[in-house]
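Each remark here refers to the structure printed beneath this line.
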Amino acid sequence: MRKNIVAGNWKMNNDLSQTEALLADLLKQTKTSNAEVIVAPTSVNLYKANEALKSSDISVSAQNMHFAEKGAYTGEVSASMLKSIGVEIVILGHSERREYFNETDELLAKKVDAALANNMSVIFCFGEELADRKAGNEEAVVESQIKNALFHLEALAFKNIILAYEPVWAIGTGETATPEQAQDMHAFIRKTLANKYGAEVADSVSILYGGSVKPANAQEIFGKPDVDGGLIGGASLKAADFFAIVNAF
Ligand code: 13P
């Protein structure tokens, strides 16, 4: 059966001392749900986070990586570098990377391949913009994002892939997709996977919802049958709020 997962994407927030304080706060929280917990600090604080959380059941994820093993790519970080500090999960395809750093489906396919080749797990993000939804194109957009970046993979690769549906219009806006909108899209994503890889693979992949998830709305969203957890931005920066979401299952 697929896992319930709650992941915190800290984005470009928290310097070293703020990171240490948040990590210490996370370690004080109590988990009462069966959800797996992941946090994704900024790259300079990954080593620290992994050291601090080593003996807890909270895993650490990177927010991005390059597709090349090494070389002349100033400012970039490779999968093997992440692995060497104990980081085994990476978020790829976040809409902020697509928008501000021009990451395309084609580039993301290469990054996914590099992560999987290094035995990392990928939290693969995608989602439509407001204009797409207004035009009724949300399913077509999501389907093409998934197909272009992931459908060259073999079925087995999906053991290491977590999907995160993040409608761009709901990120950081306080406007959440309704639980019904989330469920409809998640069911569509699972059907798209089933058409390509079969029902067994589709049923085994965790599909997270992201976009203004808060303690107040998490339970209703996570209550939907095809929503297997959340990718949390703003509310993951406070340990108590984040764990209120973790414990919403
Ligand atoms: P917010 O929870 O702040 O809307 O961010 C969602 C997100 O982008 C997680 O990756």
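The values are calculated or read from the model by the stated rules, or taken from the named source; none is laboratory data. Quick caveat: nothing in here was measured; it's all calculated off a predicted structure. Backbone-built Cβ (ideal geometry, glycine too); neighbour counts: all protein chains shown.
Among the residues of the stretch 209-234 satisfying the criterion of being in contact (Cβ under 8 Å) with a residue 60 or more places away in the chain and under 16 Å from residue 173 (Cβ atoms), which is farthest from the ligand (Cβ to nearest atom)?
That would be 230.
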The residue that is nearest to residue 25 (Cα to Cα), considering only those in the stretch 182-208 that are in contact (Cβ under 8 Å) with a residue 60 or more places away in the chain and more than 16 Å from the ligand (Cβ to nearest atom), is 205
Scanning the stretch 27-46 residue by residue, those free of Cβ contacts under 8 Å to residues at least 40 places away in the same chain and surrounded by fewer than 16 Cβ atoms within 10 Å (Cβ to Cβ) turn out to be 27, 44
Pairs returned, first residue in the stretch 54-81 that is at pLDDT 95 or above, second residue that is in a loop (DSSP other than H, G, I, E, B) and among the β-branched types (Val, Ile, Thr), beta-carbon separation under 8 angstrom, 6 or more apart or interchain, are 60/87; 61/87; 62/77; 62/87; 63/42; 64/77; 65/77; 66/77
Taking the stretch 130-179 and keeping residues among the acidic types (Asp, Glu) and either under 14 Å from residue 108 (Cβ atoms) or within 16 Å of the ligand (Cβ to nearest atom) (or both) leaves 166, 175
